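The values are calculated or read from the model by the stated rules, or taken from the named source; none is laboratory data. Since the model is a prediction, treat every value here as computed from it, not as a measurement. Cβ coordinates were reconstructed from backbone atoms using ideal geometry, including for glycine residues, and neighbour counts include every protein chain displayed.
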Amino acid sequence: MPKKDSSALESVNLMVDHACSFLNMPPGLIEQIKTTNSVYQVSFPISFEDGFHVFTGFCAVHSEHRTPSKGGIRFSETVTLEEIEALASLMTFKCSLVNVPFGGSKAGLKINPKNYLTPQVERITRRFAKELIKRGFINPSQNVPAPDMGTSAREMAWIADVYRSQNPHDVNGLGCVTGKPVSQSGIPGREESTGRGVQYGLREFFRHKQDLKTAGIKGSLGGKKVIIQGLGKVGYHAAKFLQEEDDVKVVGILEHNSAIYSDKGFPIEKVKQYLSENKTLEGFPKSETVKNRETLLEQPCDILIPAAMGGQITSKNASKIKARIIAEAANAPTTFEADAYLKKKGTIIIPDIYLNAGGVVVSYFEWIKNISHISFGRMERRLDEKRGEDIVKAIEKATNVKISKDLKRELIYGADELDLVRSGLDDTMRVTYQQIRERFHSSKDMADLRTSCYALSLEKIHKTYMEMGV
Ligand code: GLU
């Protein structure tokens, strides 16, 4: 194993190079695809009672072969321009892979929001938004941010408000950010979307016997042992849905300050409540505290779900990981070196650019809703219900049998917006995985799912460039 792991940006570029070595791309184009189109760094002061605080933020637009560019805004003390570039480039490949017609971008503000009161976070967010809007880095047709680590629907509502007050004549102004509260022209299901996507992606993986065989795993998703890192938005929803709806056993949970293990499995909703009340997992009833918390990733399980910071699976711990499947809910959780090692060992990695794409897929639905100014299903819902009712009546008349109340309700039900969002996301995750696995199984070169993902994604970007002319 090498002594030093590649950074997130180096890792993405190495993964791209690796996939490109199997593709027939015109010389030079790959450089264009890898290069970040533009970066912006800004510092601004805000005055609080104890004096001025200076904040630094970044924005990277990695690609504009499709517009707008899309990616989250991260609030984190450790954020750097290089990290933002890496995350922006992941957005390019993610959007292309799941057929979301956006380029890739990312923004970040160096701040620990927990150190500030809500009205202070609001002032800081509004000021950062102003700086980005002023230079065209937030705009419904150019670059559309969304929540990421340290941000949520609340920040998106503030940003949308700033954009609309600076651009009152832009009829599509609400499409300048996604992940807004539903009452502020957001879309139901956006908050759960990345975790939902992880669930849908894993379900699809488990539908393919051949892939389970490759992973050395038997049976269905139900009963599988899962260890999850991070109970934030993504980890919480993924773990909750997998536990409550697919019957997986979440045996280990790792947070930034604590880790717990239980062979019996955890009730996620209760753990989440305990964590928000106690700020630690330690002491959760009927659980074992893992002293050296990072070693939880190395405990026996079927599926390991990193759903927190990047760079968690490195050359230092890769050889100790026992999970047969690593389901990358986080962005860039595995370094290039760890990835190469695990690939050789036969561990199946379901890669980030596929598995955590649920967020941007539903962001796409929200953006469409915003620029079309109508909710999904508003025109056809009652018509669908009426049609269902007529069919039920016709069946009853023809068969002379009364259909039960429950079945009737199911047959008549017209989908609401949340049903449509979930259905669109499920379809995207299923179809994309089928394309990835087909690529993986049909070519000897495609030694792993990540290479297949990058290959598929790069080919689509290549085609776009060729057709539009560089
Ligand atoms: N922050 C999310 C991601 O990394 C979502 C981005 C978006 O919806 O634009 O994929």
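The rows are residues; the columns are (1) within 16 Å of the ligand (Cβ to nearest atom); (2) surrounded by 21 or more Cβ atoms within 10 Å (Cβ to Cβ); (3) in contact (Cβ under 8 Å) with a residue 12 or more places away in the chain.
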position: K130; (1), (2), (3): no, no, yes
position: V144; (1), (2), (3): yes, yes, yes
position: I159; (1), (2), (3): yes, yes, yes
position: P188; (1), (2), (3): yes, no, yes
position: H208; (1), (2), (3): no, no, yes
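Of all residues in the stretch 318-331, one or more are within 13 Å of the ligand (Cβ to nearest atom), closer than 24 Å to K225 by Cβ and without any contact (Cβ under 8 Å) to a residue 40 or more places away in the chain. When the stretch 77-102 is filtered for residues that are closer than 20 Å to M156 by Cα and within 11 Å of the ligand (Cβ to nearest atom), the ones remaining, listed by number, are L87, A88, M91, F102.
Restricted to the stretch 190-203, and to residues there that are in a helix (DSSP H, G or I) and of a type in the set (D, E, K, R), the residue that is surrounded by the most Cβ atoms within 10 Å (Cβ to Cβ) is R196. Inside the stretch 353-380, can you point out the residues that are under 14 Å from V421 (Cβ atoms) and more than 16 Å from the ligand (Cβ to nearest atom)? Scanning the stretch 353-380 gives S375, F376, G377, R378.
Being modelled with pLDDT under 95 and at negative phi narrows it down to one residue among A160, A215, A239; which is it?
A215
In the stretch 31-76, which residue that is charged (D, E, K, R) and closer than 21 Å to A157 by Cα is nearest to the ligand (Cβ to nearest atom)? My answer is K70.
Residues in the stretch 437-470 that are in contact (Cβ under 8 Å) with a residue 60 or more places away in the chain and touching a Ser or Thr at 6+ places or on another chain (Cβ under 7 Å): M446, S457, K460, I461. G175: of a type outside the set (A, V, I, L, M, F, W, C), at pLDDT 95 or above, surrounded by fewer than 18 Cβ atoms within 10 Å (Cβ to Cβ) and on the phi < 0 side of the Ramachandran plot, yes or no? No; evaluated as a whole, the condition is false for this residue. Among the conditions (1) within 30 Å of D339 (Cα to Cα); (2) in a loop (DSSP other than H, G, I, E, B); (3) under 25 Å from the mean Cα position of the chain (by Cα), D445 misses just one, which is (3). When the stretch 372-390 is limited to residues that are among the basic types (K, R) and assigned to a helix (DSSP H, G or I), the one that is surrounded by the most Cβ atoms within 10 Å (Cβ to Cβ) turns out to be R381. Would you check if F58 is surrounded by 22 or more Cβ atoms within 10 Å (Cβ to Cβ) and more than 27 Å from F365 (Cβ to Cβ)? When the stated conditions are applied, F58 passes them.
Within the stretch 146-157, restricting attention to residues that are within 11 Å of the ligand (Cβ to nearest atom) and among the hydrophobic types (A, V, I, L, M, F, W, C), the residue that is surrounded by the fewest Cβ atoms within 10 Å (Cβ to Cβ) is M149. Of the residues making up the stretch 204-219, those that are under 21 Å from the mean Cα position of the chain (by Cα) and either among the aromatic types (F, W, Y) or not in a helix (DSSP H, G or I) (or both) are F205, F206. Mind checking which residues of the stretch 34-66 are farther than 17 Å from E83 by Cβ, touching a Pro at 6+ places or on another chain (Cβ under 9 Å) and in a strand (DSSP E or B)? Of everything in the stretch 34-66, those that are farther than 17 Å from E83 by Cβ, touching a Pro at 6+ places or on another chain (Cβ under 9 Å) and in a strand (DSSP E or B) turn out to be F52, H53, V54.
Scan K291, K316, K286, K270 and give me the residue that is under 24 Å from K240 (Cβ atoms) and in a loop (DSSP other than H, G, I, E, B).
Unique residue meeting the criteria: K286.
Given the criteria of a type outside the set (G, A, S), part of a loop (DSSP other than H, G, I, E, B) and modelled with pLDDT under 95, does P26 qualify? Yes: the conditions hold for P26. Residues of the stretch 132-142 that are within 15 Å of the ligand (Cβ to nearest atom) and hydrophobic (A, V, I, L, M, F, W, C): L132, F137, I138. One residue stands out in the stretch 106-124 among those that are free of Cβ contacts under 8 Å to residues at least 40 places away in the same chain and not hydrophobic (A, V, I, L, M, F, W, C): the one that is farthest from the ligand (Cβ to nearest atom), namely P119.
Can you name every residue in the stretch 283-296 that is surrounded by 13 or more Cβ atoms within 10 Å (Cβ to Cβ) and either in contact with a Cys (Cβ under 7 Å, 6 or more places away or on another chain) or over 17 Å from V250 (Cβ atoms) (or both)?
E294, T295
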